[in-house]
Amino acid sequence: MSEKFQAVVIGGGPGGYVCAIRLAQLGLKTACIESRGSLGGTCLNVGCIPSKSLLNLSEEFHKVKNLSNKGIEVGEVKLNLNKMMKSKDKAVTVLTKGVEFLLKKNKVTYFKGHGSFKSKNEINIKDADNKETVIGADNIIIATGSVPVSLPGIDFDEKTILSSTGALKIEQVPKKMVVVGGGYIGLEMGSVWSRLGAEVHVVEFLEHITPGMDREISQEFMKILKKQGIKFHMQHKVEEIKKDSEGAIVSTSDKDGNKKDFDCDVVLISVGRKPNTEGLNIEAAGVELDEKHRVKTDKNFKTNQNNIYAIGDVITGPMLAHKAEDEGIAVAENIAGQSGHVNYDTIPGVVYTTPEVASIGKTEEQLKEKNVDYKIGKFSFMANSRAKAIDDAEGFVKILADAKTDKVLGAHLIGPHAGELIAEIGVAMEFGASSEDIARTCHAHPTFSEAVKEAALSVDKRAIHS
Ligand code: FAD
Ligand code: NAD
């Protein structure tokens, strides 16, 4: 064995690299193993960052094309997709290199290679040249993330049948794109290609998009996306996808058995992701998985083995980068003898479409199911002066508060900068605030955040501007 560490993290995604940095900050001799050749995981390489870059660039393109409606005349607006992709790739490179710098700065040893268990305390690392190194570890943290799932019998070729990874690097704007699954990825990537000129059809199994989201928000969301030109085929399931010389034919049937075929250039399959434990040789460490093949952990992220932990997409819970990061910090603090903790009631979820959609805490459906007596405060961006001033006034803020105590139980927003506005509610919820606390907090004028204040006032039926 060449070297021994107090902690070894397998996976350099937002869960893994953040965990490694925190462990090193707490004084542990730490290593982080990453197989993809660059740090930052799914999030920085093929997830959050490139998708948000393309969402922003495609939105800029769309906006510039429509500026003349606002009295700004521009010449002919042309798309240079190749340059746009380079701009996205640059954002990824800068950020992944930034993470490498952070590991170095914090004295975390970075191993480039594939990690697998040799035993409970030993990890084998195979690099790109198949050279193997074995390192020892007192504590091991599995942070190997997740990978896209396809439909039964259908393989991604990333040219015609795409996962999110392929949808981030299409070389020519497709004329027609079918998106299977109306969740986070389908709606974000569908929006990108729709704005760049593709006719986008979303085929969704359920009767609503973004399952788990507050139903009123999800209905408003679909209405807005339809207005933008995205076509929805709800309660449809895909029976078959056949590739042909032009692209593919997606055969579907609806809930009554009616069949419909879609000819398209590309199909994006975005029906979820699965935990990634492949090639870990997890059996050698005796670590148990659950029925969904996630690494099974207790509330302190410990597996059934005393010195082995797991965090992020590879364990239960929402597959979100900030959830993985917070778990990475909590587990590092636990290993160092502190009391790390993640509050799963205040993890925000954001869809970065236009408008953005953001939610935190309980939905109305969840409160009803639990027989909780609640009050609702709502405020439309149509009555928010900043939103009206810049002609970006679609959507609303909805706050749910306990009927008796007024404690904020959840908030759901659709509208401009919803992903930023939700942070205020997160802080409020962490402090156990009431809707009155938010309503009595001075918010700058004119800002979008005044819509949050007004929604809070509206819980007690005393909004001023509606
Ligand atoms: P990952 O980021 O998946 O990192 C795991 C890393 O481990 C990978 O780099 C992998 O190469 C490495 N690895 C796996 N096995 C081994 C091994 N045996 N040896 C060495 N290395 C290994 N979340 C958000 O919160 N906001 C967003 O806007 C958002 N957008 C997304 C957009 C897309 C298109 C996708 C696909 C995902 C998006 N997500 C978003 C989800 C987010 O990317 C994940 O929740 C997050 O990356 C999970 O972090 P993680 O550290 O658990 O795993
Ligand atoms: P998802 O779980 O968000 O959505 C999957 C959708 O596919 C659901 O609406 C589901 O009903 C539908 N579906 C499932 N099987 C189907 C079938 N056979 N036919 C038609 N529809 C079907 O999954 P995703 O969009 O693939 O994203 C994976 C994960 O990545 C998300 O859960 C999310 O945690 C993460 N992500 C987050 C962000 C963000 O935070 N902005 C962005 C992208 C991805």
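Numbers for the structure displayed
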| quantity | calculated |
| --- | --- |
| Top-ranked residue of the stretch 348-365 - restricted to ones that are assigned to a loop (DSSP other than H, G, I, E, B) and more than 11 Å from ligand 2 (Cβ to nearest atom), ranked as nearest to residue 53 (Cα to Cα) | 354 |
| Checking residue 398 against (1) buried (at least 18 other Cβ atoms within 10 Å of the Cβ); (2) in contact (Cβ under 8 Å) with a residue 40 or more places away in the chain; (3) not in a strand (DSSP E or B), the condition it does not meet | (3) |
| One residue from 224, 241, 217, 230 being among the β-branched types (Val, Ile, Thr), within 23 Å of residue 365 (Cβ to Cβ), more than 16 Å from ligand 1 (Cβ to nearest atom) and touching a strand residue (DSSP E or B) at 6+ places or on another chain (Cβ under 6 Å) | 217 |
| Sole residue being in contact with a Cys (Cβ under 8 Å, 6 or more places away or on another chain) and either within 16 Å of ligand 1 (Cβ to nearest atom) or more than 30 Å from residue 33 (Cα to Cα) (or both), chosen from 174, 152, 148 | 174 |
| Condition met for residue 207 (open to solvent by 40 Å² or more (accessible area, probe 1.4 Å), part of a loop (DSSP other than H, G, I, E, B) and away from ligand 2 (no atom under 15 Å from the Cβ)) | no |
| Selection within the stretch 157-174 - within 15 Å of ligand 2 (Cβ to nearest atom), under 21 Å from the mean Cα position of the chain (by Cα) and buried (at least 18 other Cβ atoms within 10 Å of the Cβ) | 162, 163, 164, 166, 167, 168 |
| Residues of the stretch 182-197 classified as part of a loop (DSSP other than H, G, I, E, B) and open to solvent by less than 10 Å² (accessible area, probe 1.4 Å), total | 1 |
| Pair list, Cβ under 9 Å, 6 or more apart: the stretch 154-181 residue in contact (Cβ under 8 Å) with a residue 24 or more places away in the chain, other residue in a strand (DSSP E or B) and among the aromatic types (Phe, Trp, Tyr) | 176/262; 178/262 |
| Residues within the stretch 12-45 that are under 17 Å from residue 137 (Cα atoms) and open to solvent by 10 Å² or more (accessible area, probe 1.4 Å), tallied | 9 |
| Scope the stretch 229-250; condition more than 15 Å from residue 176 (Cβ to Cβ) and among the aliphatic types (A, V, I, L, M); matching residues | 234, 238 |
| Subset of the stretch 1-48 [more than 21 Å from the chain's Cα centre (by Cα) and in a loop (DSSP other than H, G, I, E, B)] | 1, 2, 26, 27, 28, 29, 35, 37 |
| In the stretch 425-466, residue surrounded by the fewest Cβ atoms within 10 Å (Cβ to Cβ) [restricted to those that are without any contact (Cβ under 8 Å) to a residue 40 or more places away in the chain, aliphatic (A, V, I, L, M) and under 19 Å from residue 362 (Cα atoms)] | 427 |
| Test set (1) within 10 Å of ligand 2 (Cβ to nearest atom); (2) outside any loop (DSSP other than H, G, I, E, B); (3) touching a helix residue (DSSP H, G or I) at 6+ places or on another chain (Cβ under 6 Å) - residue 238 fails condition number | (3) |
| Residue satisfying all of: in the stretch 244-279; at pLDDT 95 or above and hydroxyl-bearing (Ser, Thr, Tyr); nearest to residue 156 (Cα to Cα) among these | 270 |
| Subset of the stretch 267-300 [β-branched (Val, Ile, Thr) and within 16 Å of ligand 2 (Cβ to nearest atom)] | 267, 269, 271 |
| Criterion (open to solvent by 40 Å² or more (accessible area, probe 1.4 Å) and either closer than 30 Å to residue 335 by Cα or among the aliphatic types (A, V, I, L, M) (or both)) met by exactly one of 60, 73, 122 | 122 |
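Every residue, every condition in (1) out of contact with any Cys (no Cβ under 6 Å at 6 or more places or on another chain); (2) under 23 Å from residue 333 (Cβ atoms); (3) open to solvent by less than 50 Å² (accessible area, probe 1.4 Å), yes or no:
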site: 82; (1), (2), (3): yes, no, no
site: 88; (1), (2), (3): yes, no, yes
site: 95; (1), (2), (3): yes, no, no
site: 114; (1), (2), (3): yes, no, no
site: 138; (1), (2), (3): yes, yes, no
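Table: residues versus (1) surrounded by fewer than 19 Cβ atoms within 10 Å (Cβ to Cβ); (2) more than 9 Å from ligand 1 (Cβ to nearest atom).
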| residue | (1), (2) |
| --- | --- |
| 260 | yes, yes |
| 285 | no, yes |
| 290 | yes, yes |
| 304 | yes, yes |
| 307 | yes, yes |
| 317 | yes, yes |
| 321 | no, no |
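The values are calculated or read from the model by the stated rules, or taken from the named source; none is laboratory data. Every value quoted in this text rests on a predicted model; they were computed, and no experiment measured them. Cβ atoms come from the backbone with ideal geometry, glycine included; neighbour counts cover every protein chain shown. With ligands, DNA and RNA removed, areas are computed over all heavy atoms of the protein, side chains included. Shrake-Rupley method; radii C 1.70, N 1.55, O 1.52, S 1.80 Å.
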